[in-house]
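To keep things clear, I will list the structure first and then write my remarks on it.
The values are calculated or read from the model by the stated rules, or taken from the named source; none is laboratory data. Keep in mind that this is a model prediction, so the values were computed, not measured. Quick reminder, even Gly has a Cβ in these numbers, built from the backbone with ideal geometry, and neighbours come from all protein chains shown.
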Amino acid sequence: MLGRLRMDVDMAIKHYNTLAKHVFSNPKRWQGEGKFKATRLEEAMKAVVREATGDPDSLLLEHDETPRCRT
Amino acid sequence: MNAYNMDANIPVLFRTYESRETHSNCKIWEAARATSAAPTFFKHIKIGRAQPYIDGGLGRNNPSRVVLDEANSLFGARHIGCLVSIGSGHAETIGIKKSRGLRQIVATDIFDTLKAITTDCEATHEAMLGLFAKLPTTYFRLNVEHGMQEIKVSEWERLGNVEAHTAQYTRDLKKSL
């Protein structure tokens, strides 16, 4: 969030809180590989990316050559 | 960001910039998923050529050395201005309580490995201290040492407690300066 999505600290904390609530408030009833649902984590991550970039499927690689924070 | 390729058991870096070793064109959420696939929390993820990834926590919980190597390969042997390493609190924060229900399902060696993260993390920190011993204002490690042991990663409703412990830690730091 601080790196590729270029959020400030307050914004990152706000989004992390929403994401953690979405993911961790709903543990799997049957624990297979992992205690929490990866699908909920993916949903929450895509929502954060969509809000920051406009597209939930934005690519990690940035082609912008201007010197910026690299992560 | 740093995750493990499970098959080859080698760390993979997810980069937002071009490099000689740029990873296959993955999406932001895929990289985020791969780097948070901590065993016992979430299942692994497959990206691109169907390589399964798990979070780099096991063995690479403190990526300081990886960052130094990366900086060296990107910029050459240039003088390092500053390296700030931020821990996630006392190492038990990232651990999981040995609940009986969970133990029956997850192999006990995972718990042993999670315990080993603490040691691994601190060992890297010690190595960094040694490396930067002659450059006293270059390497900094910030890690909330007290109060975080009881807070589990999944306890989202306790973010306020995390904030309070962190505030106390920074106040103590300022006093010690």
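Brief remarks on what is shown
A quick yes/no check of all residues on (1) farther than 24 Å from B:LEU159 by Cα; (2) out of contact with any Cys (no Cβ under 6 Å at 6 or more places or on another chain); (3) charged (D, E, K, R):
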| residue | (1), (2), (3) |
| --- | --- |
| A:ARG4 | no, yes, yes |
| A:VAL9 | no, yes, no |
| A:ASN17 | no, yes, no |
| A:HIS22 | no, yes, no |
| A:GLU33 | yes, yes, yes |
| A:PHE36 | no, yes, no |
| A:GLU42 | no, yes, yes |
| A:LYS46 | no, yes, yes |
| A:GLY54 | yes, yes, no |
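- Test result for B:ASP109, charged (D, E, K, R), modelled with pLDDT under 65 and either buried (at least 18 other Cβ atoms within 10 Å of the Cβ) or touching a Pro at 6+ places or on another chain (Cβ under 7 Å) (or both): no
- Scan of the range B:73-85 for residues that are surrounded by fewer than 15 Cβ atoms within 10 Å (Cβ to Cβ) and modelled with pLDDT of 90 or more, ordered by number: B:GLY81, B:CYS82, B:VAL84
- Subset of the range B:151-177 [part of a loop (DSSP other than H, G, I, E, B) and in contact (Cβ under 8 Å) with a residue 24 or more places away in the chain]: B:ILE151, B:LYS152, B:VAL153, B:SER154
- Subset tally (residues that are more than 9 Å from chain B (Cβ to nearest Cβ) and loosely packed, with under 10 Cβ neighbours inside 10 Å) for the range A:49-63: 1
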